[in-house]
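Only one structure is covered here, and it is reproduced in the block below.
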Amino acid sequence: MVTSILPWEREKVACADDELLAIGRDVIRNEAEELLRAVNGPCEGLVAAARAIFECRGRVVVVGMGKSGHIGCKIAATLASLGTPALFLHAAEALHGDLGTVRSEDVGVFLSNSGSTDEILALLPWFRQLGARMIAITGSPTSPLAQNSDIVIDSGVTREADPLQLAPTSSATLQMVLGDALAGMVTRLRGLRREDFAAFHPGGALGRRLLTTVADVMGSPDQLPLVHRDVSVMDALFEITSKKYGSTCVVDDAGRLAGFFTDGDLRRLLEKNGVEAMYRRIDDFMTRTPQTITADRLAMEAMRIMEQRKISALVVVGAEGEGKQIPVGIVHFHELLKAGLT
């Protein structure tokens, strides 16, 4: 009886760092060459598949087994993140009940490098009976899968990238890249905007950056430091210290924004004029054209303005009519940091 030695039971093979690195680079190079070859390959199937997915009134059902199944999960997730309803269907599970999720208005995307995976081929009659369109991503354009699909995308490679040229490496990478290409093409057809993408990712950093407005992070009206332009610098200092912003808005008789005064302005004032300046009108020392923003603007825009102007706070003013000159709040750089908008 022949006793097999399992790979992890064999003695370790001596391999210098340079030799090991060369193997890793060869894998990367081989996969990159396959991707470059695909760039100039047939494109009819890719274009037709993108239009079929865009026109789909149901969901994109991505089907796969084994390594192709793992790639299929990623393709479905990418499509969903870009606004195309999509799900992954494991071919073996589909044969035992999950096939009931498929509808006639769906589009099936089948992944199989050989195009002869039994579990996948067994699903094709059901999709055909429903009238659902079928897209094959396969390395064999003459395979049973290709022959029974409406649209075929060639994912064939000249060689796998691993040293044994056996594992699904180059072929799996190309499948994933073709899925990304489809997602990118459909994104263009949908006219998707960054704001739309953010809406699908409200819990992530991108969603926060593209959805959070100044109104979401600015202080409440009762926290707004406010003084009349006729008060003294001393009175303005009391208002500054009673609030958390290290600054105060200065308004005229109608409540319109007339200026802005910060603790930095106070330090420079005392250095130049001494303590006697504390009893002079704030109108003589305030910044008369402070940078403002409206509450409906994105918080990231407020952060960009602060970084460009090298300031730490913006006055928030009303958006329409006379309100355009009325201060309604202050947004501080620290509030933007707390909101996770860096």
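Could you look at the stretch 205-342 and say what percent of its accessible area is carbon and sulfur, using a 1.4 Å probe and all protein chains?
Values: 3710 of 7320 Å².
Here it works out to 51 percent.
Return the loop-located trypsin sites (Lys or Arg not before Pro) in the stretch 270-342 (DSSP other than H, G, I, E, B) with at most 13 other Cβ atoms within 10 Å of their own Cβ; answer none if there are none.
On the way: sites: Lys272, Arg280, Arg281, Arg288, Arg297, Arg304, Arg309, Lys310, Lys324, Lys338; in loops: Arg280, Arg288, Arg297, Lys310.
Here the sparse-neighbourhood loop sites are Arg288, Lys310.
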Subject >> Modelled FRET efficiency - R0 22 Å, Asp253 with Ser220, Cβ distances, 0.05 increments >> reply: 0.35
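Can you compute the FRET efficiency between Ala319 and Arg288 using 1/(1 + (r/R0)^6), with r the Cβ-Cβ distance and R0 = 25 Å? Round to the nearest 0.05. All intermediate terms of the calculation are to be shown ahead of the outcome.
Values: r = 22 Å, r/R0 = 0.87.
E(calc), rounded to 0.05, equals 0.70.
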Original post:
Quick one: accessible area per residue over the chain, 1.4 Å probe, rounded to a whole number of Å²?
Top reply: 55
Original post:
Once the Cα atoms of helix 170-190 and of the chain are each reduced to a long axis, what angle between those two axes, in degrees from 0 to 90 to the nearest 10, is obtained?
Top reply: 50
Subject >> Where chymotrypsin sites (Phe, Trp or Tyr not before Pro) fall in DSSP loop in the stretch 270-342, at most 10 other Cβ within 10 Å >> reply: none
**OP:** May I ask for the Kirkwood hydrodynamic radius of the stretch 9-113, worked out over all distinct Cα pairs and given in angstroms to one decimal?
**Re:** 16.6
Original post:
Which angle between 0 and 90 degrees, to the nearest 10, do you get for helix 263-273 versus the longest principal axis of the chain when only C-alpha atoms count?
Top reply: 40
Original post:
If you take the square roots of the eigenvalues of the alpha-carbon gyration tensor of the stretch 228-318 and sort them as a ≥ b ≥ c, do you get rounded (a/c under 1.5), prolate (a/b over b/c) or oblate?
Top reply: prolate
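Can you give the % of DSSP beta bridges in the chain that are antiparallel, to the nearest 5?
Numbers: 13 of 38 bridges.
Of those bridges, close to 35 percent are antiparallel.
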**OP:** Could you tell me which of rounded, prolate or oblate describes the chain, using a ≥ b ≥ c as the square roots of the eigenvalues of the alpha-carbon gyration tensor, with rounded for a/c under 1.5 and, failing that, prolate when a/b is larger than b/c and oblate otherwise?
**Re:** prolate
**OP:** Return, ordered by residue number, the residues of the stretch 72-111 whose backbone nitrogen is under 19 Å from a label point located 7 Å along Cα→Cβ of Gln129.
**Re:** 90-109
**OP:** Compute the long axis of helix 233-242 from its Cα atoms, compare it with the longest principal axis of the Cα atoms of the chain, and write down the angle in degrees, 0 to 90, nearest 10.
**Re:** 40
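Note down the magnitude of the dipole of the chain about its Cα centre, charges +1 on Lys and Arg C-beta and -1 on Asp and Glu C-beta and zero elsewhere, to the nearest 20 debye.
Numbers: 36 positive and 43 negative charges, 121 e Å.
Dipole magnitude for the chain comes out near 580 debye.
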Original post:
With a ≥ b ≥ c the root eigenvalues of the C-alpha gyration tensor of the stretch 243-287, is it rounded (a/c under 1.5), prolate (a/b larger than b/c) or oblate?
Top reply: oblate
Original post:
Restricting to lysine pairs 8 or more places apart or on different chains, what number in the chain have Cα atoms under 29 Å apart?
Top reply: 13
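Hey, what number do you get for the chain at 222 nm if only DSSP H runs of n ≥ 4 count, each worth -39500 (n - 2.57), divided across all residues, to the nearest 500? Don't skip to the answer; put the middle values down first.
Numbers: 15 runs with 146 residues, N = 342.
Using -39500 (n - 2.57) per qualifying helix, the result is -12500 deg cm²/dmol.
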Subject >> In nm, spacing of pseudo-spin labels at Ala167 and Glu301 (7 Å Cα→C-beta vector) >> reply: 5.0
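Expressed as a rounded percentage, what relative contact order does the chain have, with Cα pairs under 8 Å and six or more residues apart? Mind showing how you got there, number by number?
Details: 566 pairs, mean separation 43.8, N = 342.
It rounds to 13 percent for the chain.
The values are calculated or read from the model by the stated rules, or taken from the named source; none is laboratory data. Because the structure is predicted, anything quoted here is derived from the model rather than measured. Don't worry about glycine lacking a Cβ; one is built from the backbone with ideal geometry, like all the others, and counts go over all protein chains shown. Remember, those area values only see protein heavy atoms, side chains included, never the ligands or the DNA or RNA. Shrake-Rupley method; radii C 1.70, N 1.55, O 1.52, S 1.80 Å.
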